[in-house]
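Right, one structure below, let's go through it.
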Amino acid sequence: MSKPGSIGFVASDAPAAQQALAELEGLYGKTAPEAADVIVALGGDGFMLETLHRYLQRGVPIYGMHRGSVGFLMNGYEAAGLAERIARAAPVRIHPLEMRAGDEAGREHSGLAFNEVSLLRETRQTAKLRITIDGVVRLDELAADGILVATPVGSTAYNFSAHGPIIPLGAGVLALTPISAFRPRRWRGALLPHTAELRFDVLEADKRPVSAVADYTEVRDVLSVTVRENRDIALTMLFDPEHNLEERVLKEQFLS
């Protein structure tokens with residue numbers, strides 16, 4: 001992209017992020033994120049997700065710098081030459097998952113997820129779920145701690161911890177990954193086209209309650225959940241060319 005006219009900074013509460021915020025605003029001035037051409041997020045991956053949601057309606061590029069714990073979605077921190085770094089950064093266009101959930105009280109809820117939508121058991125008993133994809137029942141009953149649908153960006157997060165696959169950004173697929181599956185015991189999930197619409201129905205909901213989570217939006221005691229990619233919503237993340245997100249996803253697959 002071209003050199004930004006104005007840069008707005010946001011930071012997590014972490015001391016390192018707050019220190020970086022003071023340093024950068026001292027060098028580049030204070031522009032409100034609501035008026036900036038580019039937003040620079042200082043923190044970890046969790047704060048980056050928070051920033052994506054907070055400034056979703058602005059539609060401006062977001063450039064992250066690692067000043068938190070986990071920094072897979074962040075660039076390295078360096079105060080000097082920031083405008084030049086942003087100008088030569090590689091853009092990555094991302095679309096969120098849209099979750100719609102109905103609860104036992106008859107209420108409808110919605111949420112967006114840039115990482116994943118997950119369904120999780122609420123009690124000591126396993127969840128029981130029926131899985132339908134594009135109107136076809138693919139699994140009559142899954143008994144597990146839960147299940148998640150991950151985007152390529154989110155495939156290295158919770159999905160990877162649950163032994164799901166890492167997905168290259170341009171693959172055009174979503175990961176459907178069970179969490180500690182009990183029945184069918186050997187089922188390890190599926191890769192689905194990003195155009196797929198998924199529906200999860202909670203079986204024995206009174207006895208085996210389930211919650212649904214889209215990034216950090218949680219709905220308790222759900223009866224059914226649908227998930228699809230929302231192509232009408234898009235955000236641009238910026239990455240240094242020498243450490244771009246495509247390369248990180250590829251590299252992550254060869255780490256022990």
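What number of residues within the range 7-51 are surrounded by 13 or more Cβ atoms within 10 Å (Cβ to Cβ) and over 26 Å from A214 (Cα atoms)?
So the first thing to find is which residues in the range 7-51 are surrounded by 13 or more Cβ atoms within 10 Å (Cβ to Cβ), and the list is 7-12, 14, 16-21, 23-25, 28, 31, 33, 36-51.
Restricting the remaining residues to those that are over 26 Å from A214 (Cα atoms) gives 7-8, 16, 18-21, 23-25, 28, 31, 36-37.
The total comes to 14.
Taken over the range 112-124, the criterion of being buried (at least 20 other Cβ atoms within 10 Å of the Cβ) and within 24 Å of P168 (Cα to Cα) is satisfied by A113, F114, N115, E116, V117, S118, L119.
Let's see how each residue does on (1) farther than 23 Å from Q253 by Cβ; (2) assigned by TED's automatic domain parsing to the domain that holds T126; (3) free of Cβ contacts under 8 Å to residues at least 12 places away in the same chain; (4) assigned to a strand (DSSP E or B):
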| position | (1), (2), (3), (4) |
| --- | --- |
| S155 | no, yes, no, no |
| I179 | no, yes, no, yes |
| F182 | yes, yes, no, yes |
| L191 | no, yes, no, yes |
| T195 | yes, yes, no, no |
| V213 | yes, yes, no, yes |
| V225 | yes, yes, no, yes |
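Taken over the range 91-118, the criterion of being under 11 Å from E218 (Cα atoms) and touching a Ser or Thr at 6+ places or on another chain (Cβ under 6 Å) is satisfied by G111 alone.
Applying the criterion of being part of a loop (DSSP other than H, G, I, E, B) and closer than 13 Å to L238 by Cα to the residues of the range 73-86, the residue that is farthest from the chain's Cα centre (by Cα) is G76. Restricting attention to the range 218-242 and to residues that are surrounded by 20 or more Cβ atoms within 10 Å (Cβ to Cβ) and over 16 Å from the mean Cα position of the chain (by Cα), the residue that is farthest from D103 (Cα to Cα) turns out to be F239. For the range 140-162, a residue qualifies if it is at pLDDT below 95 and surrounded by fewer than 17 Cβ atoms within 10 Å (Cβ to Cβ), and exactly one does: S161.
Candidates are the residues of the range 164-174 that are in contact (Cβ under 8 Å) with a residue 40 or more places away in the chain and not in a loop (DSSP other than H, G, I, E, B); the one that is surrounded by the fewest Cβ atoms within 10 Å (Cβ to Cβ) is G170. Inspection of the range 103-121 identifies no residue that is closer than 17 Å to D240 by Cβ, in contact with a helix residue (DSSP H, G or I) (Cβ under 9 Å, 6 or more places away or on another chain) and in a loop (DSSP other than H, G, I, E, B).
The values are calculated or read from the model by the stated rules, or taken from the named source; none is laboratory data. Bear in mind that the values here come from a model prediction, so they are computed numbers and not experimental data. Glycine also receives a Cβ, built like all others from the backbone with ideal geometry; neighbour counts cover every protein chain displayed.
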